[in-house]
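The values are calculated or read from the model by the stated rules, or taken from the named source; none is laboratory data. Keep in mind that this is a model prediction, so the values were computed, not measured. So basically every Cβ, Gly included, is an ideal-geometry build from the backbone, and we count neighbours across all protein chains shown. The area values use the complete protein model at the heavy-atom level, side chains included, leaving out ligands, DNA and RNA. Shrake-Rupley method; radii C 1.70, N 1.55, O 1.52, S 1.80 Å.
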Protein chains: 2
Amino acid sequence: MADFFATHKATLDKALETIRTRGYWSAYPEMPSGKIYGETAKDDGEAAFKALLGKPFDLDQPSDGGSVGGEVSPYGLKLDISYPGASADLLVETAKSAMKGWAHATPQERAGVCIEILNRLNRQSFLLANAVMHTSGQAFMMAFQAGGAHAQDRGLEAVAYAYDEMTRIPAHARWEKPQGPKEPLVLEKQFRIIPRGVALVIGCSTFPTWNSYPAFFASLATGNAVIVKPHPGAILPLALTVRVAREVLKEAGFDPNTVLLAADSAEKPLAKDLVTHPDVAIVDYTGSPAFGEWVRGNAKGKQVYTEEAGVNSIVVHSTDNLKGMASNIAFSLSLYTGQMCTAPQNIYVPRDGIETDDGHKSFDEVCEAIKVSIDKLLGDPQRAAAVLGAVQSTATAERVKAARSLGRVVRDSTPVEGMDEARTATPLVIAVEAKDEGAYLEERFGPISFIVATDGIDDAIDRAAGSAKTRGAITASLYSTDEAVVEKAIEAFGEGGVSLSLNLTGGIFVNQSAAFSDFHVTGANPAGNASLCDSAFVANRFRVAGVRRPVAA
Amino acid sequence: MADFFATHKATLDKALETIRTRGYWSAYPEMPSGKIYGETAKDDGEAAFKALLGKPFDLDQPSDGGSVGGEVSPYGLKLDISYPGASADLLVETAKSAMKGWAHATPQERAGVCIEILNRLNRQSFLLANAVMHTSGQAFMMAFQAGGAHAQDRGLEAVAYAYDEMTRIPAHARWEKPQGPKEPLVLEKQFRIIPRGVALVIGCSTFPTWNSYPAFFASLATGNAVIVKPHPGAILPLALTVRVAREVLKEAGFDPNTVLLAADSAEKPLAKDLVTHPDVAIVDYTGSPAFGEWVRGNAKGKQVYTEEAGVNSIVVHSTDNLKGMASNIAFSLSLYTGQMCTAPQNIYVPRDGIETDDGHKSFDEVCEAIKVSIDKLLGDPQRAAAVLGAVQSTATAERVKAARSLGRVVRDSTPVEGMDEARTATPLVIAVEAKDEGAYLEERFGPISFIVATDGIDDAIDRAAGSAKTRGAITASLYSTDEAVVEKAIEAFGEGGVSLSLNLTGGIFVNQSAAFSDFHVTGANPAGNASLCDSAFVANRFRVAGVRRPVAA
C-alpha cells in the first residue's frame, strides 16, 4: 500500500508553514496549460466529460432510491446524467458503519489520503472544469481555476489546519506530580482523537467545489465520514470528487463508504432529512440565507458551519486613478455575471461627488465612468463571454428583469451576443438615493448593482459597514487617497465583521479570495458563521478522549 | 504603567509549552502554606472575609437595580452581603461601550492583564477560599485548592490557549503572486483580531470559580467584555474576582467596565435577559441540563459553551488491589459530598462477582467492601468534615432522602457528627439491578450512588459507555487486570465521548481533573458541548478581519 503521507509530506509541510505566514502559495497550478497538465489534457478532459453525458454515473455505492439527476447546463447542454439515489437513513447508516476504520487512522494517514485525493482531483482538472462550467455556468477559465486549482488549494488549506490541530494534541503524556519528600504521583496519559461522527456537506450551484472542499476535507481529515449533498443543479463536480475520494480510500485500505454522494432533486430534496438525522453530527452549508436559517434552527446540538449571503459594498471617496478604479469595479461587477458571493452589490458614492486624478467628478460622472468601463470590458463579445460566463439559474435571470424598476438605470442588462444557447446577462447598474434602502439593502444575487448617493463619506462608510453587520457581507472595498478615511473605514468594516480591500485598480479584484492567505468570510456577520479556513473551522470537528493510568514513579 | 506582559512572559511561555505536552505543571501553589503565601495569609484571609459580611460589597460599577444578595453558607453562616443590582440592558450597554479600548489592545497586552488578574487572585487565595467555602459548602482545603490555585491554573490555561490562537494569526503578511515575466502582484495584508462582543459567563453554585475562570479568561483574553453572572447562592467568589479584574484593567489604562458583575436573585433572575440580549455574543454556562437546554435553544446565533451534567460510571471487572480500589472509590464518592461534576454515580459490577488479589468476590462482597471503606474514611468526624464539606443546596439534601427507596440500601446517608450548624450528608449507596434503569440512569446530583449488578463485564461496559453517550458523562473509571477488557473499555468510552481512568487505587481519584493536562469534559456527549481547555474553546471567541492593499512590487 502506498504511503500517501510520505509522498505528500513536503506539500503538507509547506501548507502548514503558509497558514502561519499567510503569504502567497499555491500547490496546484491555476493555468490550464498543456505544459503543466500534459499536452492532451484539455482534449482528454473534454472527452472524458462528454463520455459521461447521457449515462448513469458510475459510483459503486449503496442505493435504495432509484436514480436521480437532471442537470442542464446554463450553456444549454442537457447533461442527462443519472446518479444513484439513496435515502438519508441508508446514507447515514452506511457512513456510520464505514467510518470505524477511518476514525482509528492516525492524523498522518488521514492527511496522506486527503492530499492524495486532492492530487488526483488536480490531475482531473480539465474534466472538473467542464463539469463546473456546465453546471455553474462559469466560463471555462474560471471553472478551471476556481473550480479546480483554487478549490484544491482551499481543500489543502483545510487539511493543513485539521492536521495541525490534531497533532497539537500529544498522543501521550507523562504526568508527574511532586509530593515533597514522597514518591511523585505519576500517570501515563493517552489522548485519543475522537471524530464527531457523520458529517454532511451541502454544496451550492455556483461554486460546487470551491465552497465544498474546505468542509469536505476538514471533516474527512479529522476522521469523520462525509456525505456530500450537492445542489441538484450542480451534482457532477461533486460526484467526480466523491468518486476520486472513494477510490483513494479503498486503495489505502479504508472503506470507500466513508465518503458518499447524496444526489437529490428539487422535487425530492434530501437536505432536511440529512440535517435532522440524529447521527449526523456536523453540517456544512453553502447557500441561501432562507434555507441557512432553517439549517441553523434545526441542526440542534450539531456543529453547523454556514456560508449564506451578504450585501457587499464598495465605498468611493477619492482616487488617484479614476480609470483604474472604474475598470476594476467594472470587472468585479461583471466577473461570472455577479454570481460570486464576493461580488459587490452596492457602490456608495457621496452625492457631491469625489476628487480624482482627473479633477472633481460629480456623482453622475462616477456612475458614467463605471458604465463606460463595463461597456468597454464587455464590448468584445468573445471577451464578454469569457468574463461573464452564463447565468446559473432562471431565478437570477428573473431577478435582473425585476430589478430594473428599483431606481434610475445607469446601465441596462442585455444578453451576450453570440451566446444564444446560453442564459446570459450583462450587469444591470442602478442609481439610488441612500434613503431607498428597500431597493439596495436586500441581497439581489446576480448581475445587479446599485450606486448609492450618500450625504458624504462618513454616511457612506456608516451605511456600508452597518449593512455588513445587519445584512451580512463577505467583502468590502474602499477607494480613498486620504489615510484618515482609510483608518475610519478599517475600523468601521472591522466592526461590521468584514474584510476590506483598499484602492484596487490593477489586476486584483475584491471578488478574489486566495487560499492560504485571505480568510474567506469572517464568521462575524450574518453572511456566514465560519471562516475558510482557520482553527475554529476545524478544531471542533473532533474531540479528545483521555485515558489515564497510574504507573510507578 | 506596569508592563504586565513582560512581568508574566515566563509564566505564559511555560503555560504555552505545557498545553502542548500536557504533562504536570501548576503556576499556583495548591498548599495553603504560610511559607508560600505568607505567615499571616491565613488569618488575613479570614479577617478579610469577615470584614465583608453584613455589608454592601464595594464594587464601583453602574447600577440601576438597587442591591441584591442573600447568600447563606451551607455551614450555617448568613453572609448578608449585598451587591449592586443592574438590568441586563444597563450591563450590556455598559460593557459594550467599555470594551472599545480592550478590543484594540494587542494579544500581548491582554494576556499580561489577564495573568496579572490571576496573580492577584492567587495572592487573595485565603480570602477566596473562605468565600468559596461559605457559598459552595466545600471544606476549606478543597475551597483553597479547587476554588483557588486550581481555578487559577485553569484560568491561565485558557489565557495560554487564547494567546496561542491569536498569535498564530500573523498581524501582517506580504502576498506576492508571480506573473511570469511580468511584475508580480503584491498585496500588503493586515489581519485584525475582532472580538465577538459582549461575553456572558453564568457560574454555578458548587464550583463558582473553577468552572467560570476558563470561560472568563478565554473571553477576556480574546478582547471581549465579560459580564459575570454568578449563581445567586455563590456570588461572593465571583464578585471578588470581578473586583480584582476591574482593578487591574483600570491600572493598565482600560475601562474597568470591561468586566461587570451581574448579581441576581432566584426571585428576580437575570440570566434569560442576558442570554437573549441581542448584543451578547458569547454565552458560557455551567449548571443544570434543564436550564442548559434553554440556553442552547435560546442563544440563537451566539457562541454557546456549556458544562451541564452527566451520569459518571465506574466499571469493576477485576483488581489486584481490592482494598486500594474500595478505598479509592469510597473517597471519590465522599469528596465534597458527591457534589463534583466528576463524581461517580454508577458502579457497574458483574452479578457473578469479580476476581481480586483476595480471591473471588461476590457482588455483595464488592458492595460491602465499598461500604466498609466509606465507613472507615468517614469514621473520624473531623476527617469526615474535611472530606465531605457541606451540602450546597437544600434540593440536594432532599434528593438524598428521596433516593433511599430506589433500591437496596447498601450504606445509608447520615448527617456528620459535630457539624450541627451545617447541612451535611454522608454517601448513600444503593444496590440495583441493571434493568432498574429508572433508578440509576437519571443524574441524581449529590452523595447518591448505585452499585449496578450486570450480566457480566461486556454488559457493564456497554451500559456504562452507552449511558455516557445518551445521558452524558464527564468521567469514567475502570478496574481490570485484563488488558483485553481495558482495550474494550477504552474503545467503548471513547465512543461514548468520555475520558477514562484506569485502576486508580492510590492518591489519584477519578474526580480530579488537572489543568494543563486533563481535558475536562470532551464536548462529545450531553454532559457539555465544550472542553476545558482546547483550541475549540477559544478559537471562535474572536474573528479575523483582513485589510489588503496593493503595493508596488
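Here are the numbers for this structure:
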| item | result |
| --- | --- |
| Residue within segment B:351-371 that is touching a strand residue (DSSP E or B) at 6+ places or on another chain (Cβ under 8 Å), hydroxyl-bearing (Ser, Thr, Tyr) and farther than 24 Å from B:Ala425 by Cβ present | yes |
| Any hit, segment A:430-453, residues being within 27 Å of the chain's Cα centre (by Cα), of a type in the set (Ser, Thr, Tyr) and open to solvent by 10 Å² or more (accessible area, probe 1.4 Å) | no |
| In segment A:480-508, residue surrounded by the most Cβ atoms within 10 Å (Cβ to Cβ) [restricted to those that are away from every other protein chain (no Cβ under 11 Å) and in contact (Cβ under 8 Å) with a residue 40 or more places away in the chain] | A:Val485 |
| Residue that is farthest from B:Thr481 (Cα to Cα), among those in segment B:358-367 that are open to solvent by 20 Å² or more (accessible area, probe 1.4 Å) and not in a loop (DSSP other than H, G, I, E, B) | B:Asp364 |
| Entirely in segment A:16-124, the helices (runs of 4 or more DSSP H) that have 1 or more residues that are open to solvent by less than 10 Å² (accessible area, probe 1.4 Å), closer than 26 Å to A:Gly155 by Cα and more than 14 Å from chain B (Cβ to nearest Cβ) | A:41-52, A:88-104, A:107-123 |
| Residues (crowded, with 23+ Cβ neighbours inside 10 Å and of a type in the set (Gly, Ala, Ser)) located in segment A:463-479 | A:Ala464, A:Ala465, A:Ser467, A:Ala468, A:Gly472, A:Ala473, A:Ala476, A:Ser477 |
| Residues being farther than 21 Å from B:Ala103 by Cβ and in contact with a strand residue (DSSP E or B) (Cβ under 9 Å, 6 or more places away or on another chain) - total across segment B:154-205 | 17 |
| Segment A:175-199: number of residues that are of a type in the set (D, E, K, R) and free of Cβ contacts under 8 Å to residues at least 60 places away in the same chain | 2 |
| Qualifying residue in segment B:252-262 (condition: within 24 Å of B:Ser136 (Cα to Cα) and out of contact with any helix residue (DSSP H, G or I) (no Cβ under 6 Å at 6 or more places or on another chain)) | no |
| Of the criteria (1) open to solvent by 40 Å² or more (accessible area, probe 1.4 Å); (2) within 14 Å of another protein chain (Cβ to nearest Cβ); (3) touching an Asp or Glu at 6+ places or on another chain (Cβ under 9 Å), which one A:Trp294 fails | (3) |
| Answer from A:Pro269, A:Pro256, A:Pro230, A:Pro289 - the residue that is at pLDDT 95 or above and either more than 22 Å from A:Gly155 (Cβ to Cβ) or among the aromatic types (Phe, Trp, Tyr) (or both) | A:Pro269 |
| Checking A:Gln339 against (1) at pLDDT below 95; (2) under 17 Å from A:Pro74 (Cβ atoms), the condition it does not meet | (1) |
| Cβ-Cβ under 7 Å pairs, at least 6 apart or on other chains, segment A:539-552 side more than 7 Å from chain B (Cβ to nearest Cβ), far side among the acidic types (Asp, Glu) | A:Val551/A:Glu188 |
| Residue that is out of contact with any Gly (no Cβ under 8 Å at 6 or more places or on another chain) and charged (D, E, K, R), where the choices are A:Glu491, A:Glu443, A:Glu421 | A:Glu491 |
| Strands (runs of 3 or more DSSP E) (entirely within segment A:250-357) containing at least 3 residues that are under 18 Å from the mean Cα position of the chain (by Cα) | A:280-286, A:303-307 |
| Filter result for B:Thr21 (among the polar types (S, T, N, Q) and in contact with a helix residue (DSSP H, G or I) (Cβ under 6 Å, 6 or more places away or on another chain)) | no |
| Matching residues in segment B:230-248 - criterion: being touching a helix residue (DSSP H, G or I) at 6+ places or on another chain (Cβ under 7 Å) and open to solvent by 10 Å² or more (accessible area, probe 1.4 Å) | B:Gly233, B:Arg246 |
| From A:Ala536, A:Ala530, residue being facing chain B (nearest Cβ under 9 Å), without any contact (Cβ under 8 Å) to a residue 24 or more places away in the chain and within 22 Å of B:Arg196 (Cα to Cα) | A:Ala536 |
| Residue in segment B:149-184 that is farthest from A:Leu504 (Cα to Cα), counting only those that are open to solvent by less than 40 Å² (accessible area, probe 1.4 Å) and within 8 Å of another protein chain (Cβ to nearest Cβ) | B:Glu165 |
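Yes/no matrix, rows are residues, columns are (1) of a type in the set (Asp, Glu); (2) under 26 Å from A:Lys14 (Cβ atoms):
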position	(1), (2)
A:Phe516	no, yes
A:Phe519	no, yes
A:Thr522	no, yes
A:Gly528	no, no
A:Ser531	no, yes
A:Asp534	yes, yes
A:Val538	no, yes
A:Arg541	no, yes
A:Arg549	no, no
